[in-house]
Structure formats: structure tokens, C-alpha cells
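Working notes, beginning with the structure itself.
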Amino acid sequence: MRRTKLIIAGLVLILLAAAGVGAWWYISVPHTADEQFAYAEKLEKGVRTDAATQSFAELAPRFKNTVEQYSRVEGRFGQSPKAADAFLHIARLQEEIAKDKDQAAAAYEHLRKEYDDEPHAGVALMALARLAREKGDTAHSVADGKAAGAEYKNAIMLLTEYRTRFTTGPGAGPALMEIGRVWQDG
């Protein structure tokens, strides 16, 4: 009888401990796209603050976690304006902190293909055009005319796509001006 009571007491303690762990897990895990985005944004602020005093190698694990948390906004909660904003943050982090224009371009390309609104796809098109132009300028500076020409054509194609998709968007005029600059300089 006494042994049965001890077993029951032990089981109750185990159940209470499991419930405590479950409650802690439930409280600590984001349950909406907004909560997930806010969590990633908090991580980003820390990474950006520390980027001024630390090398990228030191920041790399936290940087990777931040990008992963932003990716989860779409991965766990599906496509939404908040998920698109998360990919904009990923692209800017890749470009500004990691200095990885290829990864930034991949995030912008995702936005371009998966979202059709001007604040996301339009911004992505303009950023992709800027990156292509920069690649063209770099290739031009090392006398690689063929590569420079291909990048300039890509930039013009992206800017033209912007003007076609978002004829009344805020970037339509600047896109036309940039097409002219690329033709003139490239």
C-alpha cells in the first residue's frame, strides 16, 4: 500500500514537471507570423548592434539564427505580407552585414517570384537591378566587356519588368531614369 502511494506520488511529480516544461515551451514559442517576425527582429537588432564591434566570423552563428528565424515566418505560417517583409530583412542583412550579394539576390529573387505587390516584388526588382548594375560596373572595371554587357542587360530587363508590372508604382519614373543611365554608362 505504501509502495503504491509512493509510485502515485512519483507519477504526479513527473506529470507536474512535464506540464511545467510544456507550459514553458508554449510561452516561449511564437504562435503567429507577427510573433515570429518580432522575435527575428529582436535578434536582428542585436546582430546589427554588435556588427559595429565584432567581425562577421564572430557574428556568424547569431546571424545564421536570425536569418533562420525570419525564414520561419513564411515556413511556419505561409505567405503573407509579414513573410514578405521577413524576406526583405533577410536580403538586407545578407547585403549589409554578411556582404554577400549573391545571398541577398537570392532573397530578392524569392520576393520577386512569390509576391506580386509593389512594396515587395517592386522593391525586389529595383534591388536586383541595382545589384546587376553593380556587377556590371565591377566587370567593366576589370575589362570584362562580355560579363559587363550581360549584367547591364539583366539590369535593364529587371527595370523594364518593374515598369511593366507596376506602371503607376513609385519607382516607375526612377526605373526609367536608371534604364537610361545603364544604357549611357554601360
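The values are calculated or read from the model by the stated rules, or taken from the named source; none is laboratory data. Please read these numbers as outputs of a predicted model, since none were measured by experiment. All Cβ positions, even for glycine, are placed from backbone atoms using ideal geometry, and neighbour counts span all protein chains on display. Ligands, DNA and RNA are stripped out before the accessible areas are found, and what is left, the full protein with its side chains, is counted by its heavy atoms. Shrake-Rupley method; radii C 1.70, N 1.55, O 1.52, S 1.80 Å.
Here are the numbers for this structure:
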quantity: Scan of the range 106-133 for residues that are open to solvent by less than 30 Å² (accessible area, probe 1.4 Å), small (Gly, Ala, Ser) and under 26 Å from residue 49 (Cα atoms), ordered by number; calculated: 107, 124, 127
quantity: Close pairs from the range 163-186: first free of Cβ contacts under 8 Å to residues at least 60 places away in the same chain and closer than 16 Å to residue 123 by Cβ, partner outside any loop (DSSP other than H, G, I, E, B) and among the acidic types (Asp, Glu), Cβ under 6 Å, at least 6 apart; calculated: 166/118; 169/118
quantity: Members of the range 76-95 that are open to solvent by 70 Å² or more (accessible area, probe 1.4 Å) and either assigned to a helix (DSSP H, G or I) or aliphatic (A, V, I, L, M) (or both); calculated: 76, 81, 92
quantity: Among residues of the range 144-186, those that are part of a helix (DSSP H, G or I), of a type in the set (Phe, Trp, Tyr) and within 20 Å of residue 119 (Cβ to Cβ), counted; calculated: 1
quantity: Failed criterion for residue 98 (all others in (1) aliphatic (A, V, I, L, M); (2) assigned to a helix (DSSP H, G or I); (3) at pLDDT 95 or above hold); calculated: (2)
quantity: Residue list for the range 65-94, filter: without any contact (Cβ under 8 Å) to a residue 24 or more places away in the chain and farther than 18 Å from residue 30 by Cβ; calculated: 92
quantity: Single unsatisfied condition, residue 147 versus (1) at pLDDT 95 or above; (2) open to solvent by less than 60 Å² (accessible area, probe 1.4 Å); calculated: (1)
quantity: Hey, residue 48 charged (D, E, K, R) and more than 23 Å from residue 127 (Cβ to Cβ) or not; calculated: no
quantity: Count of residues meeting criterion [under 20 Å from residue 109 (Cα atoms) and either open to solvent by 80 Å² or more (accessible area, probe 1.4 Å) or among the acidic types (Asp, Glu) (or both)] in the range 35-75; calculated: 4
quantity: In the range 110-143, the residues that are more than 14 Å from the chain's Cα centre (by Cα) and not in a helix (DSSP H, G or I); calculated: 116, 117, 142, 143
quantity: Counted residues, the range 35-64 - those being of a type outside the set (D, E, K, R) and touching a residue at least 12 places away in the same chain (Cβ under 8 Å); calculated: 11
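Yes or no, residue by residue, for (1) farther than 30 Å from residue 91 by Cα; (2) open to solvent by less than 50 Å² (accessible area, probe 1.4 Å); (3) modelled with pLDDT of 80 or more:
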| position | (1), (2), (3) |
| --- | --- |
| 3 | yes, no, no |
| 8 | yes, no, no |
| 16 | yes, no, no |
| 22 | yes, yes, no |
| 27 | no, no, no |
| 33 | no, yes, yes |
